[in-house]
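All of the numbers you see were taken from the coordinates with simple rules; none came from a lab. Note that the coordinates shown come from a computational prediction; the quantities given were computed from them, not determined experimentally. When we count neighbours, we look across all protein chains shown, and the Cβ atoms used for this are built from the backbone with ideal geometry, even at glycine.
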Amino acid sequence: MHRRQLHERASSPPARYLCCSQWSPVSKSAPEAYRAAKRPPAQLPQEQEQARAQTGERRMFKDFEAQTFRLAKWIQIHGVVGGSGPPVLLLHGFPQTHVCWHKVAPELASRFTVVATDLRGYGASSKPEGGENHINYSKRSMALDQVEVMRRLGFNRFRIVGHDRGGRVAHRLALDHPEAVERLVVLDVAPTATMYAGTNHSFAEAYYHWFFLIQPFDLPERLIGANAEYFLRWTLNAWCKVDGAITEEALAAYLRAFQSPGAIHAACEDYRAAATIDLEHDTADERAGRRLSMPLLALWGARGTVAREFDIWQAWRDKSASQVSGEDLYCGHFLPEEAPEETLTQLLHFL
């Protein structure tokens, strides 16, 4: 059943929300690595990134174990694992890390084995170069990482919840490995091909980053790298509609993860892949008539751009051969942080 309920509040919210406190521009000179770079600089040593990530994890994921999974082709995927019961894989979006689940993961872990990872290119996971046609950041490659992580943990079949970029990885994973996915949840995202095909002035203005980050190396890398903290804070505040939703501890984790040149380049490659090789894979699926075969739940922020520009439920219904349900929540883009209780209620009911 398609359920869309527009929530009303007795009093009107303020015209502007700041998701993170103490928002102020930070003046920094451009990283030296980008002054005359021919290629993206090397990432921080893997061990150093993992150590920095785990500092905040211990407080936000108290009963979870931090793990690093060493996969084929020099890829390492970092994440946390906790709880017991049927396995659930949580995949974050841009410009965040697995930390975005810190308000919902502990409660989910009371009923499920929860695995929350940093996608390839994000957080403390590996950040390879893009490769030919950005193949190393194709959602197919990123999805295969997650399948392998779950197999390493002994889970050949599991549920997936993906937010933003994580929703795109989850979509590709469910198409390429349908035998592995029992149920699929996507948060504040419509299919990539649908969004590109429906692009208009309003969407392009609100989601300018879709078209900025895909520009050739190293234009976006150089511009973002000149003041990565300002870019991150501005982006989070622009997309968040609930004051204080992103905690200072979570914000600090996002800042640590995003500011290295390798992380900035990886995020750009993620978007470049979406505009190239991912669309090629989507086109091949359409021609072959491939559809999602598992039950799907779509949740979205009623105050966000995606809900304003697209019929999210219908977009996923068009990609599915199974049951699709949908619900809007009174928030912006970051559902797990802006509306954790409502998100958790929906997840527990569906999963």
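Please go through (1) surrounded by fewer than 21 Cβ atoms within 10 Å (Cβ to Cβ); (2) under 27 Å from Asn136 (Cβ atoms); (3) in contact (Cβ under 8 Å) with a residue 12 or more places away in the chain for Pro216 and return the number of the only condition it doesn't satisfy.
Among (1) surrounded by fewer than 21 Cβ atoms within 10 Å (Cβ to Cβ); (2) under 27 Å from Asn136 (Cβ atoms); (3) in contact (Cβ under 8 Å) with a residue 12 or more places away in the chain, the lone unmet condition for Pro216 is (3).
Quickly run through the stretch 139-171 and pick out the residues that are closer than 21 Å to His265 by Cβ, in contact with an Asp or Glu (Cβ under 7 Å, 6 or more places away or on another chain) and surrounded by fewer than 24 Cβ atoms within 10 Å (Cβ to Cβ).
Result: Arg140, Asp164.
Among the listed residues Ala275, Ala298, Ala266, Ala288, identify the single one that is among the small types (Gly, Ala, Ser) and under 24 Å from Ala339 (Cα atoms). Quick ask: steps written out before the conclusion?
Values: Ala275 fails: under 24 Å from Ala339 (Cα atoms); Ala266 fails: under 24 Å from Ala339 (Cα atoms); Ala288 fails: under 24 Å from Ala339 (Cα atoms).
Sole residue among the options that is among the small types (Gly, Ala, Ser) and under 24 Å from Ala339 (Cα atoms): Ala298.
Scan the stretch 299-321 residue by residue and report those that are more than 21 Å from Tyr196 (Cβ to Cβ) and in contact with a Lys or Arg (Cβ under 8 Å, 6 or more places away or on another chain). So that I can check it myself, show each step before the final result.
If we filter the stretch 299-321 for residues that are more than 21 Å from Tyr196 (Cβ to Cβ), which is where we start, we get 299, 302-303, 321.
The answer is Arg303, Ala321.
Within the stretch 84-103, restricting attention to residues that are out of contact with any strand residue (DSSP E or B) (no Cβ under 8 Å at 6 or more places or on another chain) and more than 11 Å from Ala250 (Cβ to Cβ), which residue is surrounded by the most Cβ atoms within 10 Å (Cβ to Cβ)?
Pro95
Here is a list: Leu292, Leu232. Which entry is of a type in the set (A, V, I, L, M, F, W, C) and in contact with a strand residue (DSSP E or B) (Cβ under 7 Å, 6 or more places away or on another chain)? Show your work before the answer.
Values: Leu232 fails: in contact with a strand residue (DSSP E or B) (Cβ under 7 Å, 6 or more places away or on another chain).
Selected residue: Leu292, the only one of Leu292, Leu232 that is of a type in the set (A, V, I, L, M, F, W, C) and in contact with a strand residue (DSSP E or B) (Cβ under 7 Å, 6 or more places away or on another chain).
Need the failing condition index for Leu344 against (1) more than 30 Å from Asp218 (Cα to Cα); (2) among the hydrophobic types (A, V, I, L, M, F, W, C); (3) buried (at least 21 other Cβ atoms within 10 Å of the Cβ), just the number.
(3)
Could you check how many residues of the stretch 224-245 are part of a loop (DSSP other than H, G, I, E, B), crowded, with 18+ Cβ neighbours inside 10 Å and of a type in the set (A, V, I, L, M, F, W, C)?
Just the residues of the stretch 224-245 that are part of a loop (DSSP other than H, G, I, E, B), to begin with: 226-227, 240-245.
Still in the running and crowded, with 18+ Cβ neighbours inside 10 Å: 227, 240-242, 245.
From what is left, the residues that are of a type in the set (A, V, I, L, M, F, W, C) are 240, 242, 245.
So the count comes out to 3.
Filter the stretch 108-127 down to the residues that are in contact with a Phe, Trp or Tyr (Cβ under 8 Å, 6 or more places away or on another chain) and either of a type in the set (Gly, Ala, Ser) or surrounded by fewer than 19 Cβ atoms within 10 Å (Cβ to Cβ) (or both) and list them by number.
Ala109, Ala116, Gly121, Ser126 - these are the residues of the stretch 108-127 that are in contact with a Phe, Trp or Tyr (Cβ under 8 Å, 6 or more places away or on another chain) and either of a type in the set (Gly, Ala, Ser) or surrounded by fewer than 19 Cβ atoms within 10 Å (Cβ to Cβ) (or both).
Based on what the data block shows, is Gly121 of a type outside the set (A, V, I, L, M, F, W, C) and assigned to a strand (DSSP E or B)? Step through it out loud before you land on a result.
On the way: of a type outside the set (A, V, I, L, M, F, W, C): yes; assigned to a strand (DSSP E or B): no.
Answer is no for this residue.
For the stretch 190-210, what are the residues that are surrounded by 15 or more Cβ atoms within 10 Å (Cβ to Cβ) and either among the aliphatic types (A, V, I, L, M) or closer than 20 Å to Pro261 by Cα (or both)? First the steps, then the outcome.
Kept after step one, since they are surrounded by 15 or more Cβ atoms within 10 Å (Cβ to Cβ), are these residues of the stretch 190-210: 190-196, 203, 206-207, 209-210.
Across the stretch 190-210, the qualifying residues are Ala190, Ala193, Met195, Ala206, His209, Trp210.
Have a look at Glu248, Glu221 and point out the one that is surrounded by fewer than 22 Cβ atoms within 10 Å (Cβ to Cβ), out of contact with any strand residue (DSSP E or B) (no Cβ under 7 Å at 6 or more places or on another chain) and in contact (Cβ under 8 Å) with a residue 12 or more places away in the chain. Full working, then the answer.
Numbers: Glu221 fails: surrounded by fewer than 22 Cβ atoms within 10 Å (Cβ to Cβ).
Going through Glu248, Glu221 in turn, the sole match is Glu248.
So is Ala238 within 23 Å of Ala204 (Cβ to Cβ) and small (Gly, Ala, Ser) or not? It would help to see each step written out before you state the result.
Numbers: within 23 Å of Ala204 (Cβ to Cβ): yes; small (Gly, Ala, Ser): yes.
Yes; evaluated as a whole, the condition is true for this residue.
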